[in-house]
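Notes follow the structure.
Nothing in this text is a laboratory measurement; each read-out follows from the coordinates by a stated rule. Keep in mind it's a predicted model, so treat the numbers as computed, not measured. All Cβ positions, even for glycine, are placed from backbone atoms using ideal geometry, and neighbour counts span all protein chains on display.
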Amino acid sequence: MKKQNPDKKIPIQSKEVLWKKNFDGSIAILKLDETDFYFSLDGIAAEVWAHMDGKKPIAEISAKLIKKYSPPFAKFQADVAKLLDTLVKEQLITFS
């Protein structure tokens, strides 16, 4: 079975979360399960989350943010991968 390129995966926000963009650009996320955990994202992490519409692959989201901010590419990719791993671990997103 051929393994899918991670950049082509499409992140999908869990249906068990509510989120809101705050006036300062940060994102507040509430996990609606027995834990009712609250998460906060800011900076580029908040922008990655806001772009997760269930239609755009990681590569497209990353390209938009790289164009906007011009971060060091390798560090940006590592930071996004770590963010996505955390979001999956916390069951805030899945991939299609």
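I'd like to verify something in the chain: which complete DSSP H helices, judged by Cα projection on the helix axis, reach 18 Å or more and average at least -1.0 on the Kyte-Doolittle scale?
73-89
Among Thr94, Thr35, a tally of other beta-carbon atoms within 10 Å of each Cβ gives an order, fewest to most, of Thr35, Thr94. Along the positive direction of the dipole of the chain (beta-carbon charges: Lys, Arg +1; Asp, Glu -1; about the Cα centre), which of Phe95, Phe39, Ala74 reaches farthest? Going by the charge dipole, the pick is Ala74.
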